[in-house]
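For reference, the structure discussed in these notes is given below.
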Amino acid sequence: MTIIVASLMLFSMFFGAGNLIFPPMVGVASGTNFWPAILGFLAAGVLLPVLAVVAVSISGQSVRDIGNYGGKFFGVVFSAMAYLAIGAFYALPRTGAVSMETAITPLFGWQGFGANVTYNIIFFLIALALSWKPNSIIDTLGKFLTPALVILLLVLITLATFGAKRIPAAPTEDYASAPMVTGLFEGYNTMDAIAGLAFSIVIVSSLQSKGFKAGKQVISGTITAAVIAGGLLACIYLGLGWIGQTIQDGQSYESGATLLADAANSTMGGVGQAVFSAIVILACMTTAVGLITATSEFFAQLVPKTTYHFWAVVFTLLSIAFAFQGLETVLSIAVPFIIFLYPPAITLIALTLIQPVVKNAVAFRWAFLLALWTSVVWSALTVLANQGWLAAAEPLLNASPGQSVDLGWFVPTAVAALIGVAIDFAQRKN
């Protein structure tokens, strides 16, 4: 039973604002190319996060510790940036901004700076209260909030999919030429692969608080919880994406939130908006609680003289300040962070999973160092070039396959990893 509750807790931490509004738009925009598009989305939005949790659990370490494979400097900086990206600088304030603009304003008509300030203060203070005792988060999320969220989601998906006929349109331009890659990048936008690295600390500590012993028992429990949570995420994403296939003139919608709100209204009448608003608020609240807990636990460990509660208050106040700026401002911060952090995160996950398989033949050292720093440098150059600050690097970047869809880092990183493996083999023989 503890594993099921832990799975629901992990699901709720992953399933936030973007996870709700991205899949319906994938369904709408992909049209007749739905299946390759949604599979791409699931690869980035489900498979990568699950693998991230598994990678940290089988190493028996934290994200900072596995980050140290790239050197102590990389371990500290990368892990801190990852937690800040999914915490106070992006994903955490987004939970307040999204729930205000997509749940509260449509339902009650409240808008403007004063309403935004009031709501976000209340929202984040509730999230802070729910996360105040980190060892109780497994009960708070897994036993109470998440079941309510899942039930509401299943009601919406069931009524919307069975109550309407599928009417897919022709795919939009990107989904017509590269549906799987486009879906993959929509899954990137959830930032859940990075969140998976971060949330593992919460799962491990929660299981230990329930009596799981460090070592094989915690590792097995964490992996099982991650797989179950991933399966539930996949089912919900498929359902939400399918809703996008049933909406009349769906490609006229600019937001998945508006699309889902209309789907709820058309299937449930007057209570539809209330149900949709409840889904949004629950999804955002459970994610906010998980993010406050994970980031605060990390920074309390990073800076030993500080406490968990100190960081919980700091990140809550920062999130309120950023959320005041509104959803559009918060989302504008995301793209550079995603482009920069994903390549080293995926590289770290992949090598951490491969290492146990080949550990009897070779111990990765240079493989980690060369691959991770290649991905970091390539990501940094890509971000700078995209911002128009380093045009001189564009010829080099564009020479790599896949750079046009932000996958140019893959080939150089893979080559660097192979060179590193060759060096590791040579050093072992010597």
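Select from the stretch 261-285 the residues that are closer than 21 Å to A97 by Cα and of a type in the set (S, T, Y) and list them in ascending order. Within the stretch 261-285, S277 is the sole residue that qualifies. Checking F299, F322, F315, F310 one by one, the residue that is surrounded by 23 or more Cβ atoms within 10 Å (Cβ to Cβ) and either more than 21 Å from Y188 (Cβ to Cβ) or of a type in the set (A, V, I, L, M, F, W, C) (or both) is F315 and no other. If we keep just the residues of the stretch 260-278 that are surrounded by 24 or more Cβ atoms within 10 Å (Cβ to Cβ) and not small (G, A, S), which is nearest to L107 (Cα to Cα)? Looking at the filtered set, the residue picked out is F276. Can G231 be described as free of Cβ contacts under 8 Å to residues at least 60 places away in the same chain, out of contact with any helix residue (DSSP H, G or I) (no Cβ under 7 Å at 6 or more places or on another chain) and open to solvent by less than 50 Å² (accessible area, probe 1.4 Å)? Criteria met by G231.
T224 meets the conditions (1) under 30 Å from L302 (Cβ atoms); (2) open to solvent by less than 50 Å² (accessible area, probe 1.4 Å); (3) modelled with pLDDT of 90 or more in every case but one. The failed one is (2).
When you check N135 against the structure, is it of a type in the set (S, T, N, Q), open to solvent by 50 Å² or more (accessible area, probe 1.4 Å) and not in a loop (DSSP other than H, G, I, E, B), yes or no? Yes. Among the residues of the stretch 42-59, those identified as farther than 12 Å from L353 by Cα and not hydrophobic (A, V, I, L, M, F, W, C) are G45, P49.
Checked against the criterion of being open to solvent by 10 Å² or more (accessible area, probe 1.4 Å) and on the phi > 0 side of the Ramachandran plot, the stretch 236-257 contains one or more residues that satisfy it.
The values are calculated or read from the model by the stated rules, or taken from the named source; none is laboratory data. Everything quoted here is computed from the prediction, not taken from an experiment. Glycine gets a Cβ as well: all are built from the backbone with ideal geometry, and neighbour counts include every protein chain shown. Please note that ligands, DNA and RNA were not included when accessible areas were found on the heavy atoms of the full protein model with its side chains. Shrake-Rupley method; radii C 1.70, N 1.55, O 1.52, S 1.80 Å.
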